[in-house]
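Visitor: I'd like to ask some things about the structure below.
The values are calculated or read from the model by the stated rules, or taken from the named source; none is laboratory data. What you see is a predicted model; the values in this text were computed from it and never measured. Counting neighbours? That spans all protein chains shown, and the Cβs are built from the backbone with ideal geometry, glycine included.
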Amino acid sequence: MGKNSMRLTGVRKNYGGLEVIHGIDLEVQEGAFVVFVGPSGCGKSTLLRMIAGLEEVTDGEIAIKGRDVTDLDPSERGIAMVFQSYALYPHMSVRENLGFGLKMARTDTGEIEARVKAASAILKIDHLLDRRPGQLSGGQRQRVAIGRAIVRKPDVFLFDEPLSNLDAELRVSMRIEIARLHRELGNTMIYVTHDQTEAMTLADKIVVLRDGKIEQAGSPREVYEDPANIFVAGFIGSPR
Ligand code: ADP
Ligand code: MG
């Protein structure tokens, strides 16, 4: 049995008096690849943003590595988030983009250099370090965005639909890259997608959400072969 990496207990979210996340309980093992999947509007991003500390929790508790982080700033949680839009700084080189967060955190220059070098080797972007984002392809930009998370050495990586802006072919190759990254780094990864194929191929554990509730959580195989209800069967089984 692996160690516990993250635990959500009774997590709820209200927006203007309307509850959109209805009491989520979830346990994530150290090093697991967990995928939140569900239709648009079911609360995937809200849940991830609460884990990241970008959105306040209305009720409940979030613990990472046994530490209650519910009221901590994003920078204090040991997490790093990769967004759907890459949000790279256009006027900075790839090297500067990768190192920027560390520089802001006053990491020393030698350490920044070493981490940027290691991350760019893992992502195979070492030859692009002097370019600007405008001189990169979509896939390369997404790699840089992931690199910015890697250099921070987080306990937990959070991905919100990181591949949804890429074309179909690139999406497949980046999906394989992310799986490789997970094998190499061994970190806990929480990955949000509305794409069943991505969920089935990446996950150790799939969490199927609907209307702010967990319909089922289990291995891809369990969810596919033994769906908890018609919604799960329809959602996971439906071809795209
Ligand atoms: P998903 O990522 O699964 O598409 P979201 O987490 O973005 O879903 O949204 C979940 C629900 O919360 C939706 O009904 C959405 O309209 C609502 N919502 C999300 N963000 C806000 C906000 N800032 N203010 C009010 N309602 C919001
Ligand atoms: Mg979303």
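Visitor: Note down all Cβ pairs under 6 Å where the first residue falls in region 13-34 and is closer than 23 Å to residue 157 by Cα, the second is within 16 Å of ligand 2 (Cβ to nearest atom) and among the small types (Gly, Ala, Ser), and they're at least six residues apart or on different chains.
Guide: Pairs that qualify, where the first residue is closer than 23 Å to residue 157 by Cα and the partner is within 16 Å of ligand 2 (Cβ to nearest atom) and among the small types (Gly, Ala, Ser), are 21/43; 21/212.
Visitor: So, one more: Filter region 178-223 for residues that are away from ligand 2 (no atom under 16 Å from the Cβ), among the polar types (S, T, N, Q) and either closer than 26 Å to residue 136 by Cβ or part of a helix (DSSP H, G or I) (or both) and give the result.
Guide: Scanning region 178-223 gives 187, 197, 201.
Visitor: Related question: Only one of 16, 38, 23 is away from ligand 1 (no atom under 13 Å from the Cβ) and either surrounded by fewer than 16 Cβ atoms within 10 Å (Cβ to Cβ) or over 18 Å from residue 67 (Cα atoms) (or both). Can you tell me which? Working first, answer last.
Guide: Working: 16 fails: away from ligand 1 (no atom under 13 Å from the Cβ); 38 fails: away from ligand 1 (no atom under 13 Å from the Cβ).
Within the list 16, 38, 23, the selection yields 23.
Visitor: Follow-up question, since we're still on this one. Could you check region 106-121 and list, in sequence order, the residues that are surrounded by fewer than 18 Cβ atoms within 10 Å (Cβ to Cβ) and either of a type in the set (Ser, Thr, Tyr) or closer than 18 Å to residue 181 by Cβ (or both)?
Guide: 107, 109, 117, 118, 121
Visitor: List every residue pair whose Cβ atoms sit under 7 Å apart, with the two residues 6 or more apart in sequence or on different chains, where the first one lies in region 38-58 and is hydrophobic (A, V, I, L, M, F, W, C) and the second, anywhere, is part of a helix (DSSP H, G or I) and more than 8 Å from ligand 2 (Cβ to nearest atom).
Guide: 52/74; 54/74; 57/50
Visitor: Condition (residue is among the aliphatic types (A, V, I, L, M) and at pLDDT 95 or above) applied to region 157-175: is it met by at least one residue? Even if it seems obvious, please write down each step before you answer.
Guide: Going through region 157-175, the residues among the aliphatic types (A, V, I, L, M) turn out to be 158, 163, 166, 168, 170, 172, 174.
Next, only the ones that are at pLDDT 95 or above stay: 158.
Yes, the conditions are met somewhere in region 157-175.
Residues are listed down the side, and each one gets a yes or a no for (1) among the basic types (Lys, Arg); (2) more than 21 Å from residue 97 (Cα to Cα); (3) out of contact with any strand residue (DSSP E or B) (no Cβ under 9 Å at 6 or more places or on another chain):
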| position | (1), (2), (3) |
| --- | --- |
| 139 | no, no, yes |
| 149 | no, no, no |
| 188 | no, yes, no |
| 216 | no, yes, no |
| 220 | no, yes, no |
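Visitor: Okay, next question. Filter region 165-204 for residues that are hydroxyl-bearing (Ser, Thr, Tyr) and buried (at least 19 other Cβ atoms within 10 Å of the Cβ) and give the result.
Guide: Filtering region 165-204 for residues hydroxyl-bearing (Ser, Thr, Tyr) gives 173, 188, 191, 193, 197, 201.
Answer for region 165-204, where residues must be hydroxyl-bearing (Ser, Thr, Tyr) and buried (at least 19 other Cβ atoms within 10 Å of the Cβ): 188, 191, 193.
Visitor: Kindly indicate whether any position in region 209-231 is hydrophobic (A, V, I, L, M, F, W, C), over 25 Å from residue 20 (Cα atoms) and modelled with pLDDT of 95 or more. Break it down stepwise before answering.
Guide: Keep residues of region 209-231 that are hydrophobic (A, V, I, L, M, F, W, C), which gives 209, 214, 217, 223, 228, 230-231.
Now drop any that are not over 25 Å from residue 20 (Cα atoms), which leaves none.
Scanning region 209-231 turns up no residue that is hydrophobic (A, V, I, L, M, F, W, C), over 25 Å from residue 20 (Cα atoms) and modelled with pLDDT of 95 or more.
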